[in-house]
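Beneath this line is the structure, given in structure tokens, with notes to follow.
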Amino acid sequence: MITKKELSETLGLSCVEKYFLAWLDRSYDVTALYGSAFAELARVLDDFASGATYQYYSYLPRLQDVAEEYGIVTHKYIPCSIEAAIETIRETPDEVLCLMRVNTAFFTEFKRSSWREDHYVCINGGMEWINEYPLSTGKFSESRFAEVFDGALCLYSSADTTANVEDMLTSSFVAKNCESVRFPFALEKLESAIGILRVTRKRMERFYRLNEKVAQALNEEIALLDKMYFDVRLRQIKDKRGEKSDKAEARADLCERLKTVIALEKRAAEILKNDRT
């Protein structure tokens, strides 16, 4: 069973991706998967300005799908009854990642609920489970399992953990131009866009960790994105409380910080470009 620590340290964008990365990292360096795609800053911001949502954002391929494409893993999606699910879970070897889909009844014990309707938890043969959001663990009785099971299991098995993943990131990163950026107006959309950028830039920093100058520029960018993310979140909380604020001034400040983010990203891309020539 994956642990809370392993789960909290993953760079996933969904619950399944986080469980998957925590599990796979025990047998394969998942950093290689981070080079499989590039999340262009201008594209991400524009997508959320146009109405994209974090929980259903499809611009980036899910890393579990990338791993399967390269033959690193295989997976089975199993629609099944409660009885069949319990039997399958108990018979699944410990080295296989077993995920079960849960319904809204699972969240009655929490003050928070999942972002998506199709939420999964990781479970083992002893009916012990770990949940990504909110981060929690427990053990199902058969009656509780029957209450929360939502009709499907997803099993991941290791296949070729020596497979190499093609670097699709570098060429896209050095070729993109960040001059034209459309800023999402709604705070919720801006928070989601920055959330995507934070995770993808942390992936990039891991991928380029051996290039000190690139990693430094990306770390500076990540620090700014982290600060922007929590500032936007705080503004939303204040707005809900009815606290007055100068929205025009706050937006102007965020725009200025975004310009710095873009400058740092350009610096990292230029370093990579020079390294290739």
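The values are calculated or read from the model by the stated rules, or taken from the named source; none is laboratory data. These numbers come from a predicted model, not from an experiment. Backbone-built Cβ (ideal geometry, glycine too); neighbour counts: all protein chains shown. Just so you know, the surface numbers come from the protein's heavy atoms only, side chains and all, with ligands and any DNA or RNA stripped out. Shrake-Rupley method; radii C 1.70, N 1.55, O 1.52, S 1.80 Å.
Considering only the stretch 104-134, state which residues are of a type outside the set (Phe, Trp, Tyr), modelled with pLDDT under 95 and either more than 26 Å from residue 26 (Cβ to Cβ) or surrounded by fewer than 17 Cβ atoms within 10 Å (Cβ to Cβ) (or both).
Result: 104, 105, 108, 109, 111, 112, 113, 116, 117, 118, 134.
Which ones in the stretch 40-91 are aliphatic (A, V, I, L, M) and more than 26 Å from residue 29 (Cα to Cα)?
42, 44, 45, 49, 52, 78, 82, 84, 85, 86, 89
Does the stretch 215-244 hold any residues that are over 30 Å from residue 274 (Cβ atoms), open to solvent by less than 70 Å² (accessible area, probe 1.4 Å) and not charged (D, E, K, R), and which are they?
229, 232, 236, 237, 242
Give the number of residues within the stretch 45-66 that are touching a residue at least 40 places away in the same chain (Cβ under 8 Å) and not in a loop (DSSP other than H, G, I, E, B).
8
State all residues of the stretch 3-22 that are buried (at least 17 other Cβ atoms within 10 Å of the Cβ) and in contact with a Ser or Thr (Cβ under 9 Å, 6 or more places away or on another chain); if no residue qualifies, say none.
11, 13, 15, 17, 18, 19, 20, 21, 22
Within the stretch 76-97, can one find any residue that is crowded, with 22+ Cβ neighbours inside 10 Å, at pLDDT 95 or above and either touching a His at 6+ places or on another chain (Cβ under 8 Å) or under 15 Å from residue 19 (Cα atoms) (or both)?
Yes, the stretch 76-97 contains at least one residue that is crowded, with 22+ Cβ neighbours inside 10 Å, at pLDDT 95 or above and either touching a His at 6+ places or on another chain (Cβ under 8 Å) or under 15 Å from residue 19 (Cα atoms) (or both).
Within the stretch 172-214, take every residue that is assigned to a helix (DSSP H, G or I) and of a type in the set (Ser, Thr, Tyr) and give me the one that is most open to solvent (accessible area, probe 1.4 Å).
Of the stretch 172-214, the ones assigned to a helix (DSSP H, G or I) are 172-175, 187-207, 212-214.
Those left that are additionally of a type in the set (Ser, Thr, Tyr): 172, 192, 200.
On the way: 172: 40, 192: 23, 200: 10 Å².
The qualifying residue most open to solvent (accessible area, probe 1.4 Å) is 172.
Counting only residues that are over 19 Å from residue 218 (Cβ atoms), touching a helix residue (DSSP H, G or I) at 6+ places or on another chain (Cβ under 9 Å) and open to solvent by 30 Å² or more (accessible area, probe 1.4 Å), how many does the stretch 23-45 have?
The qualifying residues number 2.
Please verify whether the stretch 123-130 includes one or more residues that are over 15 Å from residue 78 (Cα atoms), under 19 Å from the mean Cα position of the chain (by Cα) and not in a loop (DSSP other than H, G, I, E, B). Before you say what the answer is, go through the steps one by one.
Of all residues in the stretch 123-130, those over 15 Å from residue 78 (Cα atoms) come to 124-130.
Retained after the next criterion (residues that are under 19 Å from the mean Cα position of the chain (by Cα)): 130.
Retained after the next criterion (residues that are not in a loop (DSSP other than H, G, I, E, B)): 130.
Yes, some residue in the stretch 123-130 is over 15 Å from residue 78 (Cα atoms), under 19 Å from the mean Cα position of the chain (by Cα) and not in a loop (DSSP other than H, G, I, E, B).
Residue by residue, here is whether (1) touching a His at 6+ places or on another chain (Cβ under 7 Å); (2) among the hydrophobic types (A, V, I, L, M, F, W, C); (3) part of a loop (DSSP other than H, G, I, E, B); (4) at pLDDT below 95 holds:
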| position | (1), (2), (3), (4) |
| --- | --- |
| 16 | no, yes, no, no |
| 20 | no, yes, no, no |
| 27 | no, no, yes, no |
| 32 | no, yes, no, no |
| 43 | no, no, no, yes |
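Restricting to the stretch 81-98, what's the tally of residues that are among the aliphatic types (A, V, I, L, M) and under 13 Å from residue 158 (Cβ atoms)?
Here is the first cut: in the stretch 81-98, the residues among the aliphatic types (A, V, I, L, M) are 82, 84-86, 89, 96-97.
In the following step, the residues that additionally are under 13 Å from residue 158 (Cβ atoms) were identified as 96-97.
The number of residues fulfilling the criteria is 2.
For the stretch 1-23, enumerate the residues that are free of Cβ contacts under 8 Å to residues at least 40 places away in the same chain and more than 9 Å from the chain's Cα centre (by Cα).
From the stretch 1-23, those free of Cβ contacts under 8 Å to residues at least 40 places away in the same chain are 5-6, 9-10, 22; that's our starting set.
Across the stretch 1-23, the qualifying residues are 5, 6, 9, 22.
Hey, among 222, 237, which residue is under 20 Å from the mean Cα position of the chain (by Cα), farther than 17 Å from residue 181 by Cβ and in a helix (DSSP H, G or I)?
222
Checking residue 230 against (1) modelled with pLDDT under 90; (2) within 14 Å of residue 190 (Cα to Cα): exactly one of these is not met. Which one?
(1)
Within the stretch 140-148, is even one residue out of contact with any His (no Cβ under 8 Å at 6 or more places or on another chain), basic (Lys, Arg) and part of a strand (DSSP E or B)? Walk me through how you get there before you give the answer.
Restricting attention to the stretch 140-148, the residues satisfying the condition of being out of contact with any His (no Cβ under 8 Å at 6 or more places or on another chain) are 140-148.
With basic (Lys, Arg) added as a condition, the list becomes 144.
Adding the requirement that they be part of a strand (DSSP E or B) leaves none.
No, because not a single residue in the stretch 140-148 is out of contact with any His (no Cβ under 8 Å at 6 or more places or on another chain), basic (Lys, Arg) and part of a strand (DSSP E or B).
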